[in-house]
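The values are calculated or read from the model by the stated rules, or taken from the named source; none is laboratory data. Just so we're clear, the structure is a prediction, and the values are computed from it rather than from any experiment. Neighbour counts are summed over all protein chains in view; Cβ atoms, including those assigned to glycine, are modelled from backbone coordinates with ideal geometry. The area values use the complete protein model at the heavy-atom level, side chains included, leaving out ligands, DNA and RNA. Shrake-Rupley method; radii C 1.70, N 1.55, O 1.52, S 1.80 Å.
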Amino acid sequence: MKRSVGFFLSLLVCTSLNAQDFDGYIVKLKPGKSLDMKSLSNAKEISTSFGQFVKFEGNEKSISALKSNDAVEYVEPNYIYTVDNTLDSMKAVSDPKFAEQWGLKNTGKNSGGWWTPGKKGEDINAERAWQVTKGSKDVIVAVIDTGIDWRHPDLKNNLWVNEAELNGEEGVDDDGNGVIDDIHGADFANDDGDPMDGHGHGTHCAGVIGASHDRTGIAGVMANVKLMGIKFLTDSGSGSTADAIEAVNYAIKMGAHVMSNSWGGGGKSEALKEAIVAANDQGITFVAAAGNSRSDNDAKETYPANYRVDNVISVGAMDGNGNKASFSNYGKKMVHVFAPGVNILSTVKNGGYQKMSGTSMACPHVSGIVGLLISNNANLNPVDIRDRLMGTAVENSSLNNYTASGRTDAHRALTNTRN
Ligand code: CA
């Protein structure tokens, strides 16, 4: 069964849809139990550190039979998550440079719209933060998205490298992790070891976090980092719960410290929540875009941003004046911080650069700041990190009604100060 609606996180003008979008079902098996796979249509087993799952096609009748099967813990829809790729503000930029990255350094002249100037200083305070740390090659940030263009000149020196596969045999799972030739990450949309981005969205997020500081192109929030490309959204920008839990499971297994998640949609999934809890148990922070539906996340649940797990940081988007972006979701309780998310310049596929808008762009700013915090102090756990970000955020009267804290500030977070 397939229904084709969803809601999008990288849209400038976003549409919220009520119908739910899913592709078959996911069953979670009780420990030590198994199912007769032949009884299920198009069944696929998924083994994770947080349990055994089976994805399959089904109908109401087969679902109700499974619910009473004593091997089954639960059955739920395999939700579809999406980003959008028809954004008309995705303008190609021919001469990219740091001076255009208002999210890192807002001069008041690089952050305005067509009619209004931006506001100087409404940024993440990156330059002051870089006096404390520019990141570390010991920190792995997993970009769980449409993949990463790992050939991009501005990213290739900051990629996570699976040495066993790099130095291993082609076509062989050298490190025995279940994925063949996963050198820079993996692709759970197509079930292979190549997370090359055929969309652009994941590469954009990766550049915000960790584009090289090398006098060309743009600068990432982190100059030094290992970016792990984990593709579960296809080249058209959609993916399902089954692929998302494989993505999270891989990032846990391969030692990520931070997961950056600029996507959403669907209803509440126990399987995805369990994946996030498993990440939390390993001390991994899960940063999530708050959503682009202009809606109140305190009143209307938005996933994965609203999963109430200690490691989830929900990020709203602000514009160059420090105001809530018109499209951004908000929530005085459920949106932890705001970050720049309008006309953000970053890397895209085929070695390019583009501006994009969305909470999709705000999320990786925070993922990068979390990476800086861990670079500076490896002992911080996800609760410390979220508390630090919220406790040091800049209070801003125009954001007061929209978030539990304010605009995130990398320097304040690193120094645990409020100035
Ligand atoms: Ca492998």
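Points worth noting:
- Ligands, DNA and RNA left out, the accessible area of the chain computed with a 1.4 Å probe is 46% carbon and sulfur.
- Across region 234-383, the relative contact order, built from alpha-carbon pairs under 8 Å that are at least six residues apart, equals 23 percent.
- Three semi-axes describe the equivalent ellipsoid of region 306-419; taken as square roots of 5 times the Cα gyration tensor eigenvalues and ordered largest first, they are 21, 18, 13 Å.
- Positive-pole candidate from V366, H199, I252, dipole of the chain, charges at beta carbon: V366
- For the chain, the per residue solvent-accessible surface stands at 39 Å², with DNA, RNA and ligands left out and a 1.4 Å probe.
- Violating pairs (Cα-Cα greater than 28 angstrom) within the set K120/K332; K120/K300; K30/K268; K134/K231; K44/K273: K120/K300
- Quick note on the chain: its Rg to Rh ratio, both from C-alpha atoms and Rh being the Kirkwood radius, is 0.96.
- Loop sites in region 112-209: GluC sites (Glu not before Pro), DSSP, at most 14 other Cβ within 10 Å: E169, E170
- At full extension, V383 and S41 could sit 119.0 nm farther apart than now, given 0.36 nm per residue minus the alpha carbon distance.
- Value of Rg to Rh for region 22-79 (Rh from inverse mean 1/r over Cα pairs, i.e. Kirkwood): 0.91
- Beta bridges per DSSP, both residues in the chain: antiparallel share near 50 percent.
- Amide hydrogen proximity for V72: with H placed 1.01 Å from N in the peptide plane, the residues at 5 or more positions away or on another chain lying under 5 Å are K30.
- Within the listed set G58, G220, G229, the Gaussian network model of the chain (springs between alpha-carbon atoms below 10 Å) gives the highest mean-square fluctuation for G58.
- Rel. contact order, % - alpha carbon contacts under 8 angstrom, at least six apart, the chain: 19
- HN-Hα J in Hz across region 179-184 - Karplus 6.51, -1.76, 1.60, θ = phi - 60°, x for Gly and Pro: 10, 8, 6, 8, 7, 10
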